[in-house]
Amino acid sequence: MFNHISKITIKLSTYCNLACTYCHQMTDDKKQHVTFNKWKELYTFLLNTELADTVEVTLTGGEISLLPEEYDTAVKWFRKVEFQKDVKFTFAVVSNGTNIQQLFKLIKRGDLNPKRTTISWDGIYSQTKSRKSKIQKYDDEFFRQLIVDIGNSPWAEQITVSHAITPETIPHLHESLVFALDNGMKNFGFYYIHEADYSDKEFLKLYDAEIIKLGQEYIKRYPTKDRFVYYNWQLLYAKENIDTTDAETMRRTTMCHKLGKTLHFDPLGDIYGCIYFGDHRALKMGDLDKGAVDKSKYVKFSEQYLETPKCNHGSCGNSHCFECPASNYVHNGKMANRFSNTCEMLDIEKRVYNEMKHQLKIDQYDKAFYWMEEDHLGEKNFEEKMNQYYQGIVGIPLTEEQYVEDDEYTKRASPTYKNVITWMKRTPKSKEITT
Ligand code: SF4
Ligand code: SF4
């Protein structure tokens, strides 16, 4: 655990200009401009940390595209580290797309990797179904134009669109995918909200129908120049040979693979295991003023991460599951206390994939270069982390001084969370949500 760091996230500011229905960030934080300014301390910390040869730095907000000066300052400090250490930093963002021209500038300048630029876009009805911005100009048309602008840019085939699955966005998932593809985009993914209650039967029916349509669309375009990258199927393909009847294998493959290789720094300079912990100020591990991580917190983090998850992972067969340990910790008290809220959706995804995959004519070239996403295979990664932890191999500066208070788990859950877990009850029946 934390023997070498390959991913860093820094929250440069808390400010965001939207109020998405599922956002886990604190509403009060989003209205303020609390900005990160511990650059010298971070520089020293990174010089004292074992870093991978290439480290991906995700610069986040709030909304990162609204922070051009802060972004430039960040890049400058990371370049200074590159002068001192044998490391290459690449930059990534996840943005709401409201200032796409700024992201284009960064890509053009070489300070942002277009392949690691993700726009969270909730489809052709983004504003009315999930963004709910009070700023008039961010209407549905604005978010459609965003896709047109990306499609017309030189990076249309590299930038990714990531679509949140909510009861209100689900009826338009396929329609939105087609809109993005017809505008020249090639990378499409969707994601679940960690804490949401997805058990509503009407919702699951809609989900099933949309997933079938997505599969049909993919099969239709696969042999043509209009082929796109469908991450969810790539994940299923990459994990096809995993022995889902072996509980230990399933435990490893369904763990979050980023934890233990990632560090997150919040605007106060506090250090966390990933951004979700940071946004909830849960399981703080250290701070940049001290320049070290509290060893007792490192141990607590590692022990929780390595604990066997409490769910039916030995029998569900869903090796493509990736429950979020940070969300489990914040809301359920422990990383291993899984919500198990997406099990049925994962069943649907797998069933549809299995029913349709034989229609794909996959040649040797595609097998080797298109389908295999090594990143998806977590077992080796998990084994390595366990071994290093038990051998006491740590690559971050630790201190014996127990200076970080024990929070058990946070009392600081976002108020939005309450909406998210109850939204199913508020969702109209399927016939009422269609356009
Ligand atoms: S699908 Fe459900 S039972 Fe299976 S690993 Fe994920 S949370 Fe556990
Ligand atoms: S714990 Fe959750 S939020 Fe953190 S890196 Fe893993 S999946 Fe992402």
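The values are calculated or read from the model by the stated rules, or taken from the named source; none is laboratory data. These numbers were taken from a predicted model, which means no experiment stands behind them. Here Cβ is always computed from backbone atoms with ideal geometry, including for glycine, and neighbour counts include all displayed protein chains.
Of all the residues that make up region 61-76, how many are over 19 Å from Lys40 (Cα atoms) and buried (at least 17 other Cβ atoms within 10 Å of the Cβ)?
7
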Which members of region 321-339 meet the condition of being within 10 Å of ligand 1 (Cβ to nearest atom), within 12 Å of Glu195 (Cβ to Cβ) and under 12 Å from the mean Cα position of the chain (by Cα)?
-> Glu323
Residue check for Lys290: modelled with pLDDT of 90 or more and over 22 Å from Gly62 (Cα atoms) = yes
In region 226-341, which strands (runs of 3 or more DSSP E) lie fully inside it and hold 1 or more residues that are within 12 Å of ligand 2 (Cβ to nearest atom) and not hydroxyl-bearing (Ser, Thr, Tyr)?
-> 262-265
Name the pairs whose Cβ atoms lie under 9 Å apart, with the first residue in region 269-280 and of a type in the set (Phe, Trp, Tyr), the second within 16 Å of ligand 1 (Cβ to nearest atom) and assigned to a helix (DSSP H, G or I), and 6 or more positions between them or separate chains?
-> Tyr272/Ala326; Tyr276/Pro325; Tyr276/Ala326; Tyr276/Ser327; Tyr276/Tyr329; Phe277/Ala326; Phe277/Tyr329
Of (1) at pLDDT 60 or above; (2) more than 30 Å from Tyr222 (Cβ to Cβ); (3) not basic (Lys, Arg), Glu432 satisfies all except one. Which?
-> (1)
Would you please name the residue that is modelled with the highest pLDDT, looking only at residues in region 22-60 that are over 23 Å from Ala292 (Cα atoms), crowded, with 16+ Cβ neighbours inside 10 Å and touching a Phe, Trp or Tyr at 6+ places or on another chain (Cβ under 7 Å)?
-> His24
Filtering strands (runs of 3 or more DSSP E) wholly in region 77-183 for at least 1 residues that are more than 30 Å from Leu46 (Cβ to Cβ) gives 160-165
Give region 272-283 a look and list any residue that's at pLDDT 95 or above and of a type outside the set (Ser, Thr, Tyr), or say none.
-> Gly273, Cys274
